Structure formats: C-alpha cells, structure tokens
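S.K.: One structure, pasted below without further comment.
The values are calculated or read from the model by the stated rules, or taken from the named source; none is laboratory data. Bear in mind that the values here come from a model prediction, so they are computed numbers and not experimental data. All Cβ positions, glycine included, derive from the backbone under ideal geometry; neighbour counts span all protein chains shown.
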Amino acid sequence: MSELSITDARIRFGSYEALKGISVAVAQGQLVTLLGPSGCGKTTLLRAIAGFIPLDDGAITIDGADMREVPPERRNTAMCFQSYALFPHLTVFENIAFGLRQKGTPRDDLDKRVRASAAQVSLEAQLQKLPSQLSGGQQQRVALARALAVRPGVILFDEPLSNLDARLRDQVRFEIRQLQKAHGFTAVYVTHDQAEALAMSDLVVVMNAGSIEQAGTPYEVYYRPVNRFVADFVGTANIMPVRVTAADAGRGTYRVTSPMGEVTVQSDEPPVAEEVYAMWRPEDAVACPESSDLSNVVTFEIKAQSFLGNLTDLAVAPQGSDVTYRVQILGQTEISDGSLRSFQIAPEKVRFLKERVQ
Ligand SMILES: Nc1ncnc2c1ncn2[C@@H]1O[C@H](COP(=O)(O)OP(=O)(O)OP(=O)(O)O)[C@@H](O)[C@H]1O
C-alpha cells in the first residue's frame, strides 16, 4: 500500500481546462472518492494518476516519488473498471492473470497470485468459467481480483459499479469496502453516486467543473457542506437565503430572517456575511404541535407526498408561501395533501453555508 499526493494538477484539452488546479492527499490505506457530475474531470484525474494523461502543470507523487517521467506500467497502480471490461473469451483465471502476464510474472508465481486474488474475493471455485457464466456481482469481483493480483500500491476504481442493478450495487460496494479495510490497500474511487461515496469513503472529494468544491469526511460533506453545490449534490438539501438580524457569537446563537420566517441558528462557526445561504436536511424536520414553545416551529402546507417504504417524502410550503421544501418522516403517514402541519427544525440543524447571497 502506498501514499499518493496530487498538487495543483492542471490539464487542458486544447483551450478547455479539464482540471483547474487540483490538490488531494491520500494517506496509506485510505479510500478516497472523487465525486461529481458528468464532465467535472473525475476520470481525467484518475487517468492522470494512472499515467495515461500527462499533467500540464502540478505534480503527482506516489510514496514521495515524482511520477512525471514514470510510464503507466511502472507506476505501481492498477485500474479496476466496470465488469464489462473483462475479456469475454478468456476464463476467470486468464482474466485475473492478464496484468501479471503483461508484467512477465514467472509461471509458478503467476499461478499462486491468481489463486490468492481469487480467494480474496471468494472466486476460487469459478476459475475455469467464462465471464458470461458468472453473475454480475461475480464479474465485478473478477475485475477487482485482476487489479489486486498485481499487488499495486494504489487501486484506481473507475465507476466500477455503474452497470450493476441497485441491489447488487449496494452489496458489491459493501464487499469492496470490507476488502479494502481488511487488506488496507490505498484506493481512489470515481463515482457520480453520492450514496456510494458516503458509504465507502474515508475522504470524499466533491468536484465541479475541473475544481474541488470541498474535500472532507462523509460526515463533513453531508452535515457541513461549504456551499449550495455540495449541499445539493451530496444528499437532498433545503437551501435558503437568510439575513442575520442578531448575533450572540459567544454562545453561537443567531437570529435570521428566511423564506420560512424568523429562525434561530445554533452554530459554532459564525456566518461569513450578513446575507448568506443556510440549509437543513429533510430528515431534520420533526413533527410537533403548532402551539409548541420550541424554537423554529414552522407550519407547512402539505403539497405532495410519496411513500418510500421506510419513510415518506413530503413536499411542503410554509403557510402563505410558494417556496417548497422537502421533509422526510419515518414510515407511513396519515397526513393528507392540502392539510397544515407543524414541524420543528432544531436550531443546531440549520447550518450556515460559506456562501454569500450575491
Ligand atoms: N481527450 C479529450 N479531449 C478533449 N476533451 C476531453 C478529453 N477527455 C475529456 N475531455 C473533456 O474534459 C471534461 C472532463 O471529462 P471527464 O471524463 O474527466 O469527466 P467525468 O467527471 O469523469 O465525467 P463522466 O462521469 O461523464 O465520466 C469533459 O468536458 C470532457 O468532454
């Protein structure tokens, strides 16, 4: 396992700037996800780490060694793609052996390493099958075993689960994370799926248009997003422009006006300006009586709802307003559309973003 460092990486395709100065440090044994919408530069960065695209500026080091002059096959990295990147005419054994043969691994060693990698992903019994004779999850594990077999310092995952159905995706991402923790390999994992990033990562790097918006633990990017982009891309967020009308910075208590009325915010970080964006998550609203003397009780009109099994998703608007928010409540609800209900959003659940209202 290795340590990887990217400093101010820049890549241009003609006049188009695909990476605009990216810096990320990945410690040994960490799994870091690059998360962002299509076209934000995730794959370009991954391919630059692998050595397939040169940097125009900046540096990539692996275990302290500058990679500028090091070709892909000597970089101590391995790519793990979607399972359809397997060779359909080769057996599982030969698919896993592919990278080792390219490196000229001696026959005895090759045999041992293929079997060891297959065992790591519980595929020992499938070595003579063709990929088409395996389930989608098993095929994905072959792709992983192929990467593990070369014992790379860093495994680079390029949206490996995107062609699996939702249930299998959950299962395989769990397996990859378990294996990664058990064997301690360092990994960079590209995805546009925020749930996958939250579930798997030590560090989530949220990218947008060739830049990093925020890098943090899953908890930080979900509960302390810095701006509207991150708040909205990582989960569902109710984002409001607010104006601070009173501040007690010592206690971390602020009064703000918002589209849902006067609200109290409890925050250990002060707002970056008088007019900033704030947000709360749909699950932060808790049903309560209208006459409650709690802070931040808002009466909403229920506009629409959808039952999702474990919870019900409501579209709500503060009484007399057209601005809609999302509220999620556990299980089923008897609330009918058009009715009025009160919810409390606790002051510490309303969070200032580090983004001013322009
Ligand atoms: N070889 C190339 N020549 C010109 N432009 C390119 C090239 N490769 C990528 N780009 C552009 O650079 C931008 C970033 O592409 P990249 O593939 O890194 O995005 P991504 O975040 O991985 O997106 P996706 O999730 O769709 O794969 C895109 O606008 C893309 O069109």
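S.K.: Please verify whether Pro72 is in contact with a Pro (Cβ under 6 Å, 6 or more places away or on another chain) and under 30 Å from Ser132 (Cα atoms), treating the condition exactly as stated.
M.R.: Judged against the criteria, Pro72 is not a match.
S.K.: Would you please list the contacts, defined by Cβ atoms under 7 Å and residues six or more apart or on different chains, that run from a residue in region 175-196 that is under 9 Å from Leu31 (Cβ atoms) to a residue that is more than 16 Å from the ligand (Cβ to nearest atom) and of a type in the set (Ser, Thr, Tyr)?
M.R.: Thr186/Ser2
S.K.: List the strands (runs of 3 or more DSSP E) that sit entirely inside region 248-318 and contain at least 1 residues that are at pLDDT below 95 and either touching an Asp or Glu at 6+ places or on another chain (Cβ under 7 Å) or closer than 18 Å to Ala346 by Cα (or both).
M.R.: 261-266, 285-287, 297-307, 311-318
S.K.: Ok, one more. Being on the phi < 0 side of the Ramachandran plot and touching a helix residue (DSSP H, G or I) at 6+ places or on another chain (Cβ under 8 Å) is the filter here; which residues of region 216-237 pass it?
M.R.: Pro218, Val221, Tyr222, Pro225, Val230, Phe233, Val234, Thr236, Ala237
S.K.: What number of residues in region 168-188 are over 24 Å from Leu4 (Cα atoms), of a type in the set (Asp, Glu) and touching a Lys or Arg at 6+ places or on another chain (Cβ under 8 Å)?
M.R.: 0
S.K.: Picking from Val256, Val265, Val297, which residue would you name as being among the hydrophobic types (A, V, I, L, M, F, W, C), touching a Cys at 6+ places or on another chain (Cβ under 8 Å) and crowded, with 17+ Cβ neighbours inside 10 Å?
M.R.: Unique residue meeting the criteria: Val297.
S.K.: Name the residue that is modelled with the highest pLDDT, counting only residues in region 80-121 that are of a type in the set (Ser, Thr, Tyr) and either farther than 29 Å from Thr33 by Cα or touching a Lys or Arg at 6+ places or on another chain (Cβ under 7 Å) (or both).
M.R.: Residue satisfying both the conditions and the ranking: Thr91.
S.K.: Within the set of pairs 6+ apart or on separate chains, which have a first residue in region 148-165 that is in the same structural domain as Asp63 (by TED's automatic domain parsing), a second that is among the acidic types (Asp, Glu), and C-beta atoms under 7 Å apart?
M.R.: Final answer for the pair search is Gly153/Asp63; Leu161/Glu196.
S.K.: Among the listed residues Glu275, Glu262, Glu220, which satisfies the condition of being closer than 30 Å to Lys20 by Cβ, of a type in the set (Asp, Glu) and without any contact (Cβ under 8 Å) to a residue 60 or more places away in the chain?
M.R.: Glu220
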